[in-house]
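To start, the structure itself, in structure tokens.
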Amino acid sequence: MMILVDADACPVKDEIYRVALRHGVAVMIVSNSPIRIPDHPLIGRTVVGDGFDAADDWIAERTDAKTVVITSDILLADRCIKQGAVVISPTGKPFTANSIGSAIATRAIMADLRAGGDIVGGPAPFGKTDRSRFLQVLDETLVRLKRPG
């Protein structure tokens, strides 16, 4: 089992390390530029080029049913779900096969509104409840994936 983190803008890296180490699960931090990571054998870092979607491509190519992907990128989430991965946003919201279609549609609508000059708000500010929900969902996910059968 492995946790792959789309890390460039991830606000919950410390929480990921804490939960993963408690469960003995490896973590790979994937980013376009070097990010400091704890010195631990279960935590690794991959710096990909700054090409468009380089981190997304790296993550998607290494994803399978034993992978937990942490990302807020809806299109990356879709790619990983199609390969059987569990995908969780940094706010603790799981992306699932049932929910990803509506998330992609909402993303497209918002992009169209912005392109048309409409002023639309961005995501809500990241808060303590998001961090708490993320910790709970990641912990529950790792427990579930570690169960035999």
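The values are calculated or read from the model by the stated rules, or taken from the named source; none is laboratory data. Note that the structure is predicted; figures quoted are calculated from it, not measured. For neighbour counting, all protein chains shown are included, and Cβ atoms are generated from backbone atoms with ideal geometry for every residue, glycine included.
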- Item | Selected residue (criterion: farthest from Asp73 (Cα to Cα)) from residues of the stretch 1-17 that are among the hydrophobic types (A, V, I, L, M, F, W, C) and surrounded by fewer than 24 Cβ atoms within 10 Å (Cβ to Cβ) | Met1
- Determine, yes or no, whether Thr129 is modelled with pLDDT of 75 or more, more than 15 Å from the chain's Cα centre (by Cα) and assigned to a helix (DSSP H, G or I). yes
- Could you identify the single residue in Asp14, Asp8, Asp53, Asp39 that is more than 24 Å from Phe126 (Cβ to Cβ), without any contact (Cβ under 8 Å) to a residue 60 or more places away in the chain and among the acidic types (Asp, Glu)? Asp39
- Note on the structure: Checked the stretch 1-18 for anything in contact with a Phe, Trp or Tyr (Cβ under 9 Å, 6 or more places away or on another chain) and of a type in the set (Val, Ile, Thr); matches are Val12, Ile16
- Could you list, in sequence order, the residues of the stretch 36-58 that are closer than 19 Å to Asp14 by Cβ and either part of a loop (DSSP other than H, G, I, E, B) or small (Gly, Ala, Ser) (or both)? Arg36, Ile37, Pro38, Asp39, His40, Pro41, Leu42, Gly44
- Message: Looking only at residues that are surrounded by fewer than 22 Cβ atoms within 10 Å (Cβ to Cβ), hydroxyl-bearing (Ser, Thr, Tyr) and at pLDDT 95 or above in the stretch 38-88, which one is farthest from Leu145 (Cα to Cα)?
- Response: Thr46
- Scan the stretch 2-28 for residues that are under 18 Å from Arg147 (Cβ atoms) and in a helix (DSSP H, G or I) and jot them down. Val19, Ala20, Arg22, His23
- Item | All positions within the stretch 42-92 that are more than 23 Å from Tyr17 (Cβ to Cβ) and of a type in the set (Val, Ile, Thr) | Ile74, Ile81
